[in-house]
Every structure is written in C-alpha cells, then in structure tokens.
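Below is one structure, written out as structure tokens; the observations come after it.
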Amino acid sequence: MQYYLLIIAGIVIAVGLVCFERYVGEFRFLFSFLRKREDDVDLSSTASENENYDDVSSKHIPNNKKSKRDRFAKLNGKYLYPVIALIILFTIRYLSGDRALWDVAALSYPTVAPWLVALSGIFMWLEIAALFVVILYVFFDFANINNLVKFFATPIFVLGLLLIIPAIKLFCGASGELNLSSVTMAMEIGVGLTICAFAWLRDRNFKISKSELINLLLSLLPIIIAALPPYTLQLLFGYAKGFIDIKGITPEHRIFLYFAFIIPIAIYFAIRNKSEDVIRFSMVYLSLVTMTSYTFNYTFADFLNPTHWPLHLCNTAMYIVPLCLIFKWDKLFYFTYFINVMGAFLAMAMPNYADGTNILSTHLVLFWTNHFCAFFMPLLIVALKIFQRPKLRQFIYSMVGFLIYFVFILIINGWFSNYGSVDYFFLNSDFIVDKLGLWAEKTRDLTWKFNIGELRFVYYPIYQLLFFLVYVGIAFGMWFIYEQFFIIADSHFDMHNRNRAYRQDKYALLSKLNGRKMTGPMYTEETDKLIIENFGKRYGSSNVYAVRNANLEVHAGEIFGFLGPNGAGKSTIIKSIVGIQPITEGTIKVCGYDAEKQAVEAKRQIGYVPDHYALYERLTGREYINYIADIYDVPKAERDQRIEGFIKLFELEGAFDNSMRTYSHGMKQKIAIMAALVHNPKLWILDEPLTGLDPNSIYQVKECMKNHAKAGNIVFFSSHIIDVVERICDRITIIKQGTILCTRSVSEFNENNTLEDFYLKTIEESEAKRQQISADKKGKEQLGERA
Amino acid sequence: MKELKAKTPLKARLKHFISLVLMQLRDKMDRTAFSTKRKAIFRVVFLALRFIAVAAISYLLFYYAALFGIFSISSVVPIGIVAVIFTIIFVLSVLSCTSGLMNTLYFADDNKVLVTLPVTGDMVFFSKLVVYFIFELGRSYTFTLPILLGYGMSAGFGFGMYVWLIFALFFVSAAPVALGALLSMPAMAAYKGLKRHETAKIALLCLVVGACVWGIISLILAIPENINIVEQRPWIMQSIYSFVSAFNKYTYPSYKIATMLMGSYVNMRFVHTGETFVTFGFLLAAIVVFLVIVYLLAKPLFLKMTAQPFEYEKKENIRARANSKHTKYRSILLKELRLALRSTEISYSFIVVYLAVPIMILLLNKIFAAMSTKLLGQYMTYSFNLLIILLILLASNAIVSTMYSMEGRAGGMKKTKPINLVIPLLCKIFYNGIMSIVSIGAAMAIFGAHTHFTIAQTLMLAICVLAFQYGHILWCAERDLMNPQNEQYATSGTVMNNPNSNKATLTAFLIAFAVFGASLKLFTENPVSACIKLMLAGIVFFIMRAYLFVVKVRVYYREKM
C-alpha cells in the first residue's frame, strides 16, 4: 500500500510540475542549447525532391562551426520539469540500491515466486527502455516517438503498477522495506505514468496507421534489445553449459567479434535514410541505455573509492559518447573516436574476464556491452554524419587529449596505488607485457620510484613511453582504415540515393504514360519538336551553373542555328540532349520523348555529330557505319542505299574499306556525319561540324542539312561561322555564359542589318549588362560593409 | 632553332626546360591523390606503409634465408643472390624503359604540341627523358630501395652503407633510362616493321609464346620424381651456387653495380673498397656515353617522328566489301572482337596470361607431387594452387581497368546510342570472360588430377576461382568507368601510373591472399565443407560486384567523362 501511495505522490508531483511549467515557469531557455535548426534538411524526403543529388550527402553533414548551438533537437515545449524529476529519481534509485538482481540466476529468489521473478526481470528491462523513450520524448518530435510513448511506454508503466512489489524486492532488497531506492522507484513509475498520460491528452487518437504500426514494431526491437540490463539473461536462464567458453579466438569468440561488425552495419543501414531527428534520437538513446547498462555495478559508494572510478579507456567511452552527443563536444568526441574505438577492439579480441565466466553471466554481458559500444558507437556516429569526418586538426586535438588522459592516468595510478590495487589503462601492471612476451616484459624492468611525503610513486618509463607511442601510431593507422570504410559507405549511400531517384523517374514515366507502351512518346502532342524547358546544368557538386533556365522550341522542317562564344554553354546543352550528360534541372523533349526518363527512345530519334570526331579508328569506315546501323536497327536495303549515297557524296570510294586510322581529319569528320545520318534521324544535331572539312565537303554537308530539314526533320546546328548560319538556318538563338539571350528568325536580317552585326551587338550589350550588375553588386557590398 | 638558342640566355633556357618538365609531370601524374591536405597525408602514409611493408618482407626473407642457411652456411645471404635479384629488377626496368620510351619519344601525341612550343628540339627531347627518369626514380626508391634495405638490415649494414645506397641508387636509376632510350630506337624500328607486316608479327609472337611454353614444359619434365629437400640439400646448394655464379658471370656489369651498391663482404662485415668508387665512376661514364649516343642518334629520329603527318599507311586498291546486317548485340560483340584482335599488344598479353595459368599449375603440381608432404602440407599445396591461379589471373585484370579509357573519346559516344548501356559495356569484357573459363577450366582440371579432391569438389573450387575472377573483372571495369582516363588516352595515347591499374593490382593481391588464407584455414578444418564455403564466398563476391556494376553504370556512368 505504501508503494501505491508513493506512486500517487509521484503523479501529484509530476502534475504539479506540468502546471508550474505551463502557468508559472517559462525557463525553457535553460535548454536552449539543445534547440534544433529549423532549416535542417530532412533526408526522409525523396531524392527527387532534392534538386541535386550530388548534394544529398553533403547537406546531411551538419556544419559544426556554423550551427554548433542548433544541431540537437527542439523541445516539445511540454513536460520538461517532470522529465527532469524523472531523471533525478532514476539516478538516485539506480545509484543507491543494494540490488539483488546482480546475483540472481535461473529465477531462484527467496521471497518471490519464479514466475514473478521472470515477469519482474522483464519489466525492469522494459522499464529502462520506456524510461529513456519518455525522457527523450521531450527533446524530439517525430511521429514514431509519439507512438512509442503512447503504445509502448504507457503499457510498461501500467505494468509497473502491477509488478511494483516484486520489482522492488528484486532491485532494492529481498525484504522489500522502504528505503531510498524503493521510494524513488515507486515515484519514478508515478512520474512516468503521468508523462505518458499527458502524451495521450496531447494526442488522443487511438488509431494508428498500418505504416506507423510497422515503424513502431520495427523500432521497438532494437530499442528493447539495446536496453538489456547485464543481469537479465542470467536471471532468466541461469548459466549456459560449461563448454561454452569464449576466451581466446575460439569459434564462439569469433561469433561475438562478428557481431561487433554486424550490429553497427545493421544500424547504419536501418537508419541512414531517416531524418536527422530520428538518427540523433537513435544514437542518443543507444548511448544512454548502454551507459545505464554499464553503470549497473556502480553505486554512490563506489564514487567514494578512487580505485573503483570508471577511468579505464573503454569505460570512458560509455559516458563520453552520450555527453558528446548531448552537448556536441566535438573535440572530446574525436578523442573517443581515435582512442576508445581501438582500445575496445583490442579488449574484445583478447577478453580478460576471469576463468569460469559464463556466456550468459552478468559479468560477461557487461563486458561485451561495454566494449561493443565503445568500439562501434563513435564510428557509427561519424558514419551517420552526426559529427564530421575528422581532419588533421581533429586528430591532433585528440592526440593532445590522449596525452592529457595518459599523464592523468599515470598520476592517478601512481597516487592511488598507495591505497589499493589500481591499474587504469593497464599502465600499472604487467597485463599487457605478459601477453606480448619476454621482450616486452623486459621493458618493465627499468623503474623510476620516488616519494612525495608519505606517498610512494612507481613508474616504468620505457614501457609507458612505448605504450603511448605505439598507441598514437596505431591511432594514426586506424584513421586511414576508418577513412577507407567511410569512403565506401558514402559512395554506397550516394549510389543508393541516385538509384532511388532513377526508380522514381521510372514510376513517374509509367504514371505519365497512363497504360500506354513504354516505347511510346510521353508527350504525344510534341512528336515533331525539340523542346527545352527550364533547362539548367551544373557539373558535379559545383554550385556554378554552366547553363541556367534555358528554354527553346525547334520545329520539324527547321534548321536551327545555335550561336555563342566559346564556353557559352552550347556544347553543354547539346550533350544533355544527346544523353552524354545528365540534366540537372528542367526537361528536354525529343520528338515527344523525355530525354531523361525515356533516354533510349529519345536517342533513337537523334543523329549526333560531335565537335571532335570520336571513332573506333581500328575499324574500317564500312565496319563502323554498319555497326552504328545495327545499333539503330536499319534494314539492309535502306542502309545499302544510304551508305552508297554517302560514299559518293563525300567522295570516300577508295578509302571506305580502309582502316580509319589512315583517314585524314576531314575524312573522319565525314564518317562521323555518315554515322549520324545512317538511320535517318528525326533530329540531327551537329556541334561545330564544318571544322577541318574541305570546301566541297562543306557544301555537301550544307546540302545534306537542307535536304534533311526539307524531309520534315529537325536540324539543330551549332557553329561559330556566322555566314554559314545566316545562309542556311531558319532561326537562330544566341547564348552567352549559360543564358539564352535571344531567339530570332533569320528572315529578320538583311544587308543593312546582318546577323553578324546583330550577334556582336547582342554579345556586347550582354557583357555591358553583366558588368553593370557586377558593379552594382560590388557597390552594394561596399555600402553594406560601411554600414 | 639555332637562332632561338643563340638569343635565349642560359637562365631563361633552364627555366623553359623546368617548365617543360613540370608541365609533362602534371599531365602524367595522378594529382587527385594530392588535391586536398587529407588526401595528401593519406597518400604519403600509404606510400610510407608500402615502403615499410616491402622492406619488412625483404628483411624477413633474407633473415630466414640466412637463418636456415638456404644459400650459404654463413650468417649472411651471399651478395651474389642479391646481385641476381638486382639484375632481374634491372633488366625488367630496362625493358619497361625501352617500351615506355619508345611510346613516349616516338609515338606520343603530345610530341606534336611540344615541338610547337618556343623551345629547342633538344629541350623537348631531354625533358621527355627527364620526366621518364623521374618516374623511374620513383620506382627505384619505392621498390628497389626497400628490397635492398631489407637485405642491409638482415646483413647488419652500418649507417654509412645506407647513406651510400640511397645516394648511389639515384645514379643507378639513370642507367635503365639511358639504356632504354638507346634500345628504344631498334625497338621502334622493329615495332614499325612488325606493324607493317602483320603476319611476321603474329609469327614472331607465336614463336616467343611457343618457346616459353616449350621451356616451361622442359622444366616440368626435368623435375625429379622425388624431391627431398633435407636429403638433397648439398646437391641443391651446389646447384644454386653454380647457377648464381654462372648468372653473375654472364651479367657481370649488373653484378658489379650490385656490389657497388651493397659493398663487399670482408672480414664478416660489408665494406666499401676502392673498387666501389671505380665501378661508380664507370657507371657514370657509361650513362654519359649512352646519353651522348642517344642524343646523336635518337634525337634526330625523335624530331623526324614528330614531323610525320600520319602514323599509318593507307592501303591502296582495297576491295570494296558488302554491307552486313547483324543484331545489335552481335554487332557490338563483333566490333569488340575486331578491336581486340587489332589491338594485338593487349589481346596477346591476355592470351599469354590465360596460357600461363594452366602451365604454371602443371609446373607447381609436378613439384608438389615429387615432394613428400604431410596432411597440413597437402592443404597448403591446395591453397597455394588457388593463390597462384588467382594471383596471375586477377593481376592481369589491371589491363581491364584501362580498357574503356583506351577507347578515348569514342567511348563517350556509347552514351548517345539507343541501347541499355550495361550491355555494350559488358561486351568489352565478354572475351575475357570466355577465355577465363577455358583457362580456369584447364588449370583446375590439372589441379584436380594431382589432388585427392573429387570431381564435384574440384568443380566447386573452379566455380569459386571463376566467380572471383569474374567479380574482379567487373570491379576493374567499374573502376575504369567511375574514374575514366579517356581524355588522357585521347591526347597522349597512354596514362603513366594509372591509378585504376594500381588499385586493380592491389585488390588482386588482397583477394588472392584473402582466398589463400581462408582456404588454408578452411581446408585444415574440413576440406569438404571448405569447397562449399569457398564456392559460396566466390558467388557472393561475384553477385555483389555484378549488382554494383549494373547499378553504378545506371546511375553514374552518364556523368563521368
């Protein structure tokens, strides 16, 4: 009865704190350092929604310098004080108890029935998970955490009402009497229940969608597994059979080591596509519950005994990681990244627990929980880009940190050895040298002893110096190895995003076709046009646009001229039309086909002559043209007729069956033109085609272009030779610095107003305008600086 | 040119020369490795680790050779053995320099640009030699030096010996370049001659390959039926001694250079005598003489070659052929076959590799069969078979990692064709795939005939090897597609120190040794289940690489190049 009264007291306190928070106190600024940046990119959005896939991974990396204060999470705006109360109650309860659970094996407990021991043990396990879900609920706001509080934490705390007595007996002593631990435990359940109740009041909807339910169930599994206290397996199942020995590199030990790699990889793949909130929640939750698991063998009394302090290297990771995650201490984080990870792995490779330690025993689970987390958490945090990939500066910081830690441990070891057996970081004993052999043991022979007052200090300078240097050397080597793994992870993540975008494009195409054939045109009204809509192109991860917002429409039967100075963006547009380069923004429609989503069909409509011939020169002209004709599936009779016609037209009779290596530049260019026309394309694109051709051939090419357009096809032609453009084109467009300046009909020009004059004038005006804009911008900047 | 030389002061000429050298170095080096501070640090660390690894392996080999008295009863491996190793490295360097300088001096496309620059022909010519010397120097200091250092450490060299070694190696590295430049002239003449007479070229190649095969088979037949290293130790040592003596006798200059570098073993320690400095003087004189001859003979040839408008002669009166129609996939395969057969230097090197694998396995198993081994020894021989097959085959895939880039600009035109890109890209490696089946099939059949494995187990191991080979081919191809060098091939016809090839070779070694280690462990546990596990590992590797190849081509290939 007394415990139920304490639960009610907990409820009353929690309700009081909520009321205080809402109506009296507005001290949320206390936690303002935890606030989340509003404009963070949500990676749960599809890759297609992001404008440039190249930037997906880079956007995911928060800039530590710029947004140091804005990277954690925003407060839900409610229940902060009850949660603080919950944290205080839990800390007092956890560190004050004389917990019987530690030694319980196979449900055998004097004052509680076995089935109740089992239920209570499971409850104590789930309660830790529920407790941290409720605590983090205040700092994170996404659908699944609301559901976790409502559908997972609430039933657990309700179960607490039923199992409070046996749980207190197990946790706080067999008698179940009132003490600090049992009082705080009862109140903790009361406060937890209250926060859950408020969560229900905030969102009273009992219904949960199918996808939300799947998400909830999938996330529950790791949430529960991670919260496993070290004693639970021993409590439920006793000890495993004696032959299961994981000491040394036995197959059983290997399985444990495999899990050290499988677990982080599984977590990485499970959450890498989630929003930043989810990733942060997962990492903070994981680090907190595993820290709780690790500190199970600590009580307040332990902190009074220096020889029990958690200063072993791997142990430090257990509290450094959550601290770094919560308070964004990046320098401290890189210390754990470079130092703890490796130490933990070495410990896992040669576990040092006592003989007879059993696979399910509390000691062993504690050992592996501690070292697993110290090994993979820092790597996972960097892999998930919560912290940046370290640079040389971070490495140096962490080595300085390591030096400070090392010196501190040397002092502590030397000092505390006067009070008991102390061997932090194995600097004080022969544990390491014993494993390495006689030569290593000899390094400990040289000792340095001195007294300060009554305290005696003993050091092993050679051994300890070597230890430090080897560790720094290995840390440097490990940095290299981590980087290789991260490069693989990043490239895989980028590939995954692009592949997803590719699939989405395919679905978009299917939807647009609305049941029509995949090979049919997507835009049925525009089958005789080349349309470029809002086209933009950037290269790689550059922010500079090679072409921006280009719009063009070219009709069947037209010869369209494309003019512009070098580097204006002509070839960029052409290469995007023909499929050599992907499109960054906008749409290109080739005779009704989308150049990106229906690339193969669009290409079938195109014949392309590049600015520099690109041929397989070890083939003969005939072999090459037949190869191209085969790819376009040109019937035999048609190709015979066309090829023979072209041979005559371009005067290649004597050379066509020679290896193309023997051809002159002009001859190779002619072959490139033949290859572009052998399938009689609807759209013929020529990028500076007349370079290197003799006058007769130039004439023939021009005639070809005219005839091709006359036959109802489109000829899209880029050139610097304005006279030729003026003479054969129907319309022209002028492009400069990636912007289309104007499109004109050639009929507008005459002897007094030639295309050449117009071109030069347009380019000049554009340049003047650009300079004016640049000057204005500079002026504004200067004004801004003065202001 | 003479006018230009007369007017330009020496300081300016030197500046021009350095600019020329730097320009070519920038063009030929993989600068992405030094693009950021972090990449540069990793690159330096990687090179340092590689250097340390080579030195450590060398040290261990020499140390254990001395410890077990393999070459001599003395506590130090005789200098003659080092001279043999040095000679092999030296000869390989000369061959590499001859071939490389032939391409870079006479056939490189950048010659046409370089001779138009306002510098003398001499400068262009020597700048090319200096650039090649710098690369050769890099090779010497990253490969030859750690090997010799390893020997030095095992033999207890003094500090001064190391300083001399590092100093003298600088000049020794110039010798293969000078010699290679000299030999590149007849090599070029022979190359051009063979190019004109395709039949002679094929006949010569067949002759060389046939001679090699005959030589190896003779060696196999010469293997005694019973090898007992312990009992036959005196005979073996005598044979080694005779071989080393004869080898050093016939390669006397190289032997002298090796002793000049490492010193002479006198009174239980290595020292440098006056002879060292005499040899060093002779070496310097020889390099100068070679360079003068090269200047007098090769430079005019170089200038003549740069002035040639076309490399290939047009054949007159070729009979006009008929057009032919094929399906698109057959046509692509046909095109690749034609290109492969007409790029003889690549296709023949593949043929040699695919022939070498079964022959090597036959040789290896004949030796193993003659040896009396325990059970563990037998497992080791099985694993060693897998290692040899994989090492040769996978290392040869370094060529695959340049195959797409070698298409130059024509490679980019594939993207404009109305066809799923994966298929034409796969067609490029189709013939390698077919040849791999034949080669691995033959090698594994020989392996199976010499071991106690059943046909099913041998088949499983064959599938394992084939899967790793296919997976690695795809990996190399993917690397070339993701990091293409087409533009460099299009402009200079070659890529020196191609990062894709280097990575392909490195992964080949890693995979081969990983399979070797895993197979050894698994064979000792259970040979039957080992075959299944190895086969599954191979299949998983292949599926993973195939998936990544397809996806990467789909999502990245359009953006590359």
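Laboratory data are not the source of any read-out in this text; all were calculated from the coordinates shown. Everything quoted here is computed from the prediction, not taken from an experiment. Reconstructed Cβ throughout: ideal geometry from the backbone, glycine too, with neighbour counts over all protein chains shown.
Counted by neighbouring Cβ atoms within 10 Å, the residues B:Tyr382, B:Tyr348, A:Tyr231, A:Tyr699 run from fewest to most as A:Tyr699, B:Tyr348, B:Tyr382, A:Tyr231.
Short-range pairs are left out: with C-alpha atoms under 8 Å and at least six residues apart, the relative contact order of region A:249-515 is 18 percent. Counting only DSSP beta bridges whose two residues both lie in region A:525-752, roughly 55 percent are antiparallel. Placing unit charges on the Cβ atoms of the charged side chains and taking the dipole of region A:525-752 about its Cα centre, the candidate lying farthest along the positive direction among A:Ile532, A:Val547, A:Ile732 is A:Val547.
Dipole magnitude for region B:328-555: computed about the Cα centre from +1 point charges on Lys and Arg Cβ and -1 point charges on Asp and Glu Cβ, it is near 580 debye.
Averaging Cα coordinates gives a centre for region A:663-721 and one for region A:270-339; these two points are 68 Å apart. Would you mind classifying region A:347-462 by shape? Square roots of the alpha carbon gyration tensor eigenvalues, ordered a ≥ b ≥ c; an a/c under 1.5 is rounded, otherwise it is prolate if a/b is larger than b/c and oblate if not. Since a/c reaches 1.5 but b/c is at least a/b, the shape of region A:347-462 is classed as oblate. Under the rule a/c < 1.5 gives rounded, and otherwise a/b versus b/c splits prolate from oblate, where does chain B land using the Cα gyration tensor? Oblate. Sequentially through region A:592-609, phi angles give Karplus couplings (6.51, -1.76, 1.60; θ = phi - 60°) of x, 9, 7, 5, 9, 7, 10, 4, 5, 5, 4, 5, 4, 8, 10, x, 10, 10 Hz, Gly and Pro residues having no value and appearing as x. Placing +1 on the Cβ of every Lys and Arg and -1 on the Cβ of every Asp and Glu, with no other charges, gives the protein assembly as shown a dipole of roughly 1580 debye about its Cα centre. For the protein assembly as shown, build the charge dipole from Cβ charges (+1 Lys, Arg; -1 Asp, Glu) around the Cα centre, then report which of A:Leu436, B:Pro78, A:Ser182 sits farthest towards its positive end. The one lying farthest along the dipole's positive direction is B:Pro78.
When the dipole is taken about the Cα centre of region A:249-515, and only Lys, Arg (+1) and Asp, Glu (-1) are charged at their Cβ, what size is it in debye, to the nearest 20? Write out the running numbers ahead of the final one.
On the way: 20 positive and 16 negative charges, 231 e Å.
It comes to approximately 1100 debye.
Take A:Phe376, A:Phe408 and order them by how many other Cβ atoms sit within 10 Å, fewest up front.
Numbers: A:Phe376 24, A:Phe408 13.
Ranked by crowding around the Cβ, least crowded first: A:Phe408, A:Phe376.
Couplings 3J(HN,Hα) for region B:503-514, derived from phi with the Karplus relation 6.51 cos²θ - 1.76 cosθ + 1.60 (θ = phi - 60°), are 5, 4, 5, 4, 5, 4, 5, 4, 5, 4, 6, 5 Hz, where x marks Gly and Pro.
Rounded, prolate or oblate: which one fits the protein assembly as shown, using the alpha carbon gyration tensor with axes a ≥ b ≥ c (rounded when a/c is under 1.5, else prolate when a/b beats b/c, else oblate)? Since a/c reaches 1.5 but b/c is at least a/b, the shape of the protein assembly as shown is classed as oblate.
Placing unit charges on the Cβ atoms of the charged side chains and taking the dipole of region A:525-752 about its Cα centre, the candidate lying farthest along the positive direction among A:Gln605, A:Asn750, A:Pro565 is A:Pro565. Over region B:328-555, what is the mean sequence separation of C-alpha contacts under 8 Å (at least six apart), divided by residue count, expressed as relative contact order in percent? Relative contact order for region B:328-555 comes out at 32 percent. DSSP beta bridges fully contained in the protein assembly as shown are about 60 percent antiparallel. Angle, helix A:210-226 long axis vs. longest principal axis of chain A, Cα atoms, 0 to 90°, nearest 10? Between the helix axis and the principal axis of chain A, the angle is about 50 degrees. Most simply put, chain A has about 60% antiparallel DSSP beta bridges, counting only bridges with both residues inside it. Fewest-first ordering of B:Cys212, B:Cys476 by other beta carbons within 10 Å of each residue's beta carbon gives B:Cys212, B:Cys476.
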